Amino acid sequence: MVLNLILIWPLAHAGLALATSLAALLNAGLLYRGLRTQGVFQPQPGWGRFLLRIGIASACMVLLLWWGSGPLSLWLSMDTWARALHLLGWIVASLVVYFASLVIFGFRLHHVNLK
């Protein structure tokens, strides 16, 4: 709640989203620390490589979207349907880049234990 109050003034509604995200990260970090301290959670071998692959694929997707988003004036000059189709195209492209990056960097479906 304190983050909401601090970030709402300089960032408006984006401050609420940022505060929520930061609170979620803090909660996840505290939960991880608590579970590790109590010995309840022990990371299995391979988690580092797994997280690295996910991070690289996410970075590739972000770079594509950053590069391809274009100026705001381009988006504002389109009518609603053109903007929606343009956005859909970038969403599909980002999905392709993300999953292609996972495969390229060695991620395979059998790495995820779905049992």
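With both labels modelled 7 Å from their Cα along Cα-to-Cβ, the residue 16 to residue 104 distance reads 3.8 nm. Helical content of the chain, expressed as a calculated mean residue ellipticity at 222 nm, amounts to -26000 deg cm²/dmol (DSSP H runs of 4 or more residues, -39,500 (n - 2.57) each, divided by residue number, nearest 500). Determine the relative contact order of the chain: mean sequence separation of Cα pairs under 8 Å and six or more apart, normalised by residue count, in whole percent. RCO, the chain: 24 percent.
Taking 7 Å steps out from each Cα toward its Cβ at residue 112 and residue 87 produces label points 2.5 nm apart.
If r is the Cβ-Cβ distance from residue 1 to residue 58 and R0 is 22 Å, what FRET efficiency results, to the nearest 0.05? With R0 = 22 Å, the Cβ-Cβ based efficiency is 0.15.
Rule-based calculations on the coordinates, nothing more; no lab input. None of the values given here were measured: they were computed from a predicted structure. All Cβ positions, glycine included, derive from the backbone under ideal geometry; neighbour counts span all protein chains shown.
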